[in-house]
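Worksheet: one structure, shown below.
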Amino acid sequence: QAQLVESGGGSVQAGGSLRLTCAASGRLSASKAMGWYRQVVGDQRDMVATMTAGGSTNYADSVKGRFTISTNKAKNQLYLTMNNLKPDDTAVYYCKFVHGITDYWGQGTQVTVSS
């Protein structure tokens, strides 16, 4: 059964760094696209960073130059390295893999940035 498990969230002061990890089950290792999204309670879920199977990346304007999406295919893991965090980055972060015509989501991990 396909499964995504996120980790690495937490509380940090503004200017700090965190790295999120999304561990994917073997079935998802050949996904055609993957990404990170975030959601604040009451708001829609927004794209943060995406990567295609070929390695092309795309970032939300608000995180360009601060966040980096990367993978370790041998470990079936997706990462989001977040530097110079700001209070506006506070949200629940979700990873997503696209496999065939199905979107698979992780359970989310909370990131809280204090000023």
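Only the coordinates and a few stated rules stand behind these numbers; no lab work does. Please read these numbers as outputs of a predicted model, since none were measured by experiment. All Cβ positions, even for glycine, are placed from backbone atoms using ideal geometry, and neighbour counts span all protein chains on display.
Here is the list for segment 45-115: trypsin sites (Lys or Arg not before Pro) lying in DSSP coil, each with at most 13 other C-beta atoms within 10 angstrom of its C-beta, are 64. Between segment 61-78 and segment 3-27, the alpha-carbon centres lie 10 Å apart. Among 82-89, 7-14, the peptide with the highest mean count of other Cβ atoms within 10 Å heads the list, and the full ranking is 82-89, 7-14. Considering only the other residues whose Cβ falls under 13 Å of the Cβ of residue 9, what net charge follows from Lys and Arg at +1 and Asp and Glu at -1? Net charge around residue 9: 0.
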